[in-house]
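The values are calculated or read from the model by the stated rules, or taken from the named source; none is laboratory data. Just so it is clear, the model here is predicted, and its values are computed rather than measured. Cβ atoms come from the backbone with ideal geometry, glycine included; neighbour counts cover every protein chain shown. Just the protein is used for accessible areas: all its heavy atoms, side chains included, with ligands, DNA and RNA removed. Shrake-Rupley method; radii C 1.70, N 1.55, O 1.52, S 1.80 Å.
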Amino acid sequence: MLNLDFHPSGRHFLQIPGPSPVPDRILRAMSLPTIDHRGPEFGALGRELLAKVKKVFKTDNPVIIYPASGTGAWEAALANTLSPGDEVLMFETGHFATLWHRMATRLGLAPEFIGLPGYEGWRHGVQADMIEARLREDTGHRLKAVCVVHNETSTGVTSDIAAVRRAIDAAGHPALLLVDTISGLASADYRHDEWGVDVTISGSQKGLMLPPGISFNAVSDKAIEASRHNAMPKSFWAWDEILEANKNGYWPYTPSTNLLYGLNESLDMLLEEGLEHVLARHQRWAAGVRTAVEAWGLEIQCQDPTLYSPVLTGVVMPEGTDADAVRKIIHERFDLSLGTGLGKAKGKMFRIGHLGDCNDLTLIATLGGCEAGLKLAGVPLKGSGVAAALDYFAGQPLEAAH
């Protein structure tokens with residue numbers, strides 16, 4: 001029998017940028033007995049968590065919850081707002097933007113993929129000026145939506161969504177704005193209503209600190225209106241039946257009951273701490289990790305310091321060094337999992353996750369494993385990243401991050 005819980009001693013360090021470690025408090029909530037998803041107790045749970053989740057998305061509008069991965073929420077966003085053959089403008093920032101583009105093609109849409117060229121293009125964020133220029137050319141308003149990734153998990157770049165909204169408005173274009181913040185929600189600043197987003201897509205396994213299996217669409221009035229008239233075939237993903245059932249705290253099919261227990265607990269944890277405090281500690285952790293990378297003398301994947309992700313940091317290897325070989329050494333010797341390079345970044349970099357259920361010492365240990373592994377792999381280092389991060393965290397208490 002396959003043993004999924006074997007480690008030599010101590011705990012496995014899961015420092016990929018999602019799925020992230022699940023806190024014991026959430027695991028305990030998920031272990032409660034399953035209840036009748038048509039009964040009164042479940043309706044009360046549904047009403048409570050549907051109200052609380054809006055606060056994390058920073059919206060007054062509905063947030064639709066699916067028993068699915070983030071990929072399902074991508075499809076739901078497209079299937080409810082667009083019709084077969086619709087032209088869609090999508091911006092390439094990394095591997096996950098690329099996968100969303102592939103999905104749009106497979107659904108029978110006509111996506112136009114723009115972006116900066118080559119691998120270097122994956123080291124920058126969404127270029128709002130390019131979106132504005134393309135929308136200005138579209139005088140017939142054939143483009144029905146703009147799709148962008150907020151926090152690109154494959155690269156560690158967090159794009160400026162407010163700038164994208166301004167670009168759409170400056171072009172005077174009616175296109176819907178669809179945003180993937182699967183890895184950004186509850187770790188990086190995100191404001192659905194304020195930034196004028198029509199559909200926000202997210203998932204459970206990142207900043208919400210849950211296992212995979214829940215995904216979200218936060219929807220604007222404009223998006224709901226579009227869903228009443230679009231012609232894309234849909235059933236499971238259809239918003240209308242879910243929105244109606246959600247009024248009383250229920251779903252039109254069997255929801256992921258015990259994961260919803262965990263979600264309710266996660267929301268309590270985030271709101272008890274205060275979202276601003278949660279975001280501040282993520283920014284601080286990210287800064288500490290970047291301090292270590294700079295002390296090693298290695299490059300950070302993101303080339304724009306204003307767009308550094310608070311969720312993860314991509315570490316670029318010197319020319320001729322296979323990042324996956326370095327990751328393999330670190331995993332085998334120190335029981336530490338790091339994110340691999342994906343797509344155009346494969347073999348060029350690895351990713352350190354610093355999100356969710358984490359603290360200073362978690363990251364110091366993570367950086368220790370990375371530093372030792374880099375040395376074992378023969379990567380020349382300028383100095384000690386662990387010492388630099390220790391100094392940073394000691395000199396920058398969390399209160400100073402407010």
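Annotations for the structure displayed:
- So Phe393, is it of a type outside the set (Ser, Thr, Tyr), out of contact with any Pro (no Cβ under 9 Å at 6 or more places or on another chain), closer than 22 Å to Arg11 by Cβ and outside any helix (DSSP H, G or I): no
- Between Val293, Val326, Val289, the distinction of being touching a residue at least 12 places away in the same chain (Cβ under 8 Å), in a helix (DSSP H, G or I) and under 25 Å from Met269 (Cα atoms) belongs to Val289 only.
- Residues being touching a strand residue (DSSP E or B) at 6+ places or on another chain (Cβ under 8 Å) and assigned to a helix (DSSP H, G or I) - total across the range 72-94: 8
- Pairs linking a residue in the range 263-280 that is closer than 27 Å to Pro67 by Cβ and among the aliphatic types (A, V, I, L, M) to a residue that is assigned to a helix (DSSP H, G or I) and open to solvent by 30 Å² or more (accessible area, probe 1.4 Å), with Cβ atoms under 8 Å and 6 or more positions apart or on different chains, are Leu267/Lys55; Met269/Arg25; Leu271/Lys55; Leu275/Lys55.
- Yes/no for Phe236 being of a type in the set (Phe, Trp, Tyr) and not in a loop (DSSP other than H, G, I, E, B): no
- Filtered residue count, the range 205-237, keeping only those that are of a type in the set (Val, Ile, Thr) and either surrounded by 22 or more Cβ atoms within 10 Å (Cβ to Cβ) or in contact with a helix residue (DSSP H, G or I) (Cβ under 6 Å, 6 or more places away or on another chain) (or both): 2
- Residue ID - most open to solvent (accessible area, probe 1.4 Å), chosen from residues in the range 341-384 that are of a type in the set (D, E, K, R) and part of a loop (DSSP other than H, G, I, E, B): Lys382
- Complete set of residues in the range 58-95 that are over 20 Å from the mean Cα position of the chain (by Cα) and of a type in the set (Ser, Thr, Tyr): Thr81, Ser83
- Check on Glu244, open to solvent by 30 Å² or more (accessible area, probe 1.4 Å) and under 24 Å from the mean Cα position of the chain (by Cα): no
- A count restricted to the range 370-384 and to residues that are among the small types (Gly, Ala, Ser) and closer than 25 Å to Val278 by Cβ stands at 0.
- Where a residue in the range 100-125 is among the aliphatic types (A, V, I, L, M) and its partner, wherever it lies, is surrounded by fewer than 16 Cβ atoms within 10 Å (Cβ to Cβ), with Cβ under 8 Å and at least six apart: Leu107/Pro84; Leu109/Pro84; Leu109/Gly85; Ala110/Gly85; Ile114/Met130
- Just one of (1) in a loop (DSSP other than H, G, I, E, B); (2) in contact (Cβ under 8 Å) with a residue 60 or more places away in the chain fails for Lys144. It is (1).
- The lone criterion from (1) open to solvent by 40 Å² or more (accessible area, probe 1.4 Å); (2) assigned to a loop (DSSP other than H, G, I, E, B) left unmet by Gln283 is number (2).
- So Ala29, is it of a type in the set (Gly, Ala, Ser), open to solvent by less than 40 Å² (accessible area, probe 1.4 Å), in contact (Cβ under 8 Å) with a residue 60 or more places away in the chain and farther than 13 Å from Ile214 by Cβ: yes
- In the range 317-331, the residue that is most open to solvent (accessible area, probe 1.4 Å) out of those that are charged (D, E, K, R) and under 14 Å from Glu371 (Cα atoms) is Lys328.
- Listed conditions (1) outside any loop (DSSP other than H, G, I, E, B); (2) open to solvent by less than 10 Å² (accessible area, probe 1.4 Å) are all met by Met103, apart from (2).
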